[in-house]
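Engineer: What follows is a single structure, and I will ask about it in a moment.
No value in this document is a laboratory result; all are computed from the given coordinates. Values in this document were obtained by computation on a predicted structure and should not be read as measured data. Positions of Cβ are backbone-derived with ideal geometry, glycine not excepted, and every protein chain shown enters the neighbour counts.
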């Protein structure tokens, strides 16, 4: 009897394994967007379930639609606005460069360019050589066009892929809001079946860690954006509010804010405002960028209930292994590992 059941059980196990592998293969291209949708849902579920849904009389489809619309206004529209601003800036750059291509370079470079420390003399000599030889200038332009075209295509692909991923995140999160009660119950039941009370505690720990990491990211981005906007207003740069919002969004990546305040400093220097340019560099280094180094780990650690060391290692290691979503996965994995280790040590300690 036992021998007859073994092939049947093996077939059942093989079928389950094949089903799991098939599901993973289908979801693999979208796994990043799906995981990020879960992150957004986890961080906003209490607001939706405790505040919005009771006001709407429990109509979950309407509530999910309103929450998704709010996320569109917060996440998608500013991204489109910034993309349009970048495209407009690219058009202005082309209009600025076109006369130099058609008519050639002026005899002398701008004073601010030739006056740059360390590289100014080399730029000045190269400028005079290109200005006196149109053939060499055309050759230099042709050498620059191919990399510039490739960069533009790559940047366009990144922007298009980002917008597509964001649209997919919003699509998935709508159904998470609509069926949130069932999803929450399923996660709770699954965690209890897998680990009993420990599984339930691990689920709550994972939720708290995700919320804490999101609090650190958004809180730091808001602080950097506000401080950067203040600095841009002080130096009198045009479109200071737009640049502040750009700093807010780009602070999600490690080198984002220096791209903004560094560009502002370069523009100020090109306008002959050397003092304000130096101020912008100092302000950017010690005020805007330092917020990311000090405020973010503290907010994450306090929100997630973890040490700053685990948060830092989790974020950095998670990004290296999993990409952007690793910002959340890394700290969650380390938090669960620490929880299991503490429980094991506590059980092994003699009483």
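Engineer: Modelled label-to-label distance, residue 135 and residue 271, 7 Å Cα→beta-carbon offset: nm?
Structural biologist: For the pair residue 135/residue 271, the computed spacing is 4.2 nm.
Engineer: For segment 238-277, report the translational diffusion coefficient in µm²/s to the nearest whole number, using Stokes-Einstein at 10 °C, 1.306 mPa s, and a Kirkwood Rh over Cα pairs.
Structural biologist: In µm²/s, the coefficient is 151.
Engineer: Now for a different question. Find how much the distance from residue 192 to residue 122 grows on full extension, using 0.36 nm per residue of separation minus their present alpha carbon separation; answer in nm with one decimal.
Structural biologist: Here the answer is 18.3 nm.
Engineer: While we're on this one: Among 205-218, 263-276, how do they line up from the highest to the lowest mean number of other beta-carbon atoms within 10 Å?
Structural biologist: 205-218, 263-276
Engineer: Just how many % of Cα pairs in segment 230-351 lie over 22 Å apart, if you round to the nearest whole percent?
Structural biologist: Of all Cα-Cα distances in segment 230-351, 50 percent exceed 22 Å.
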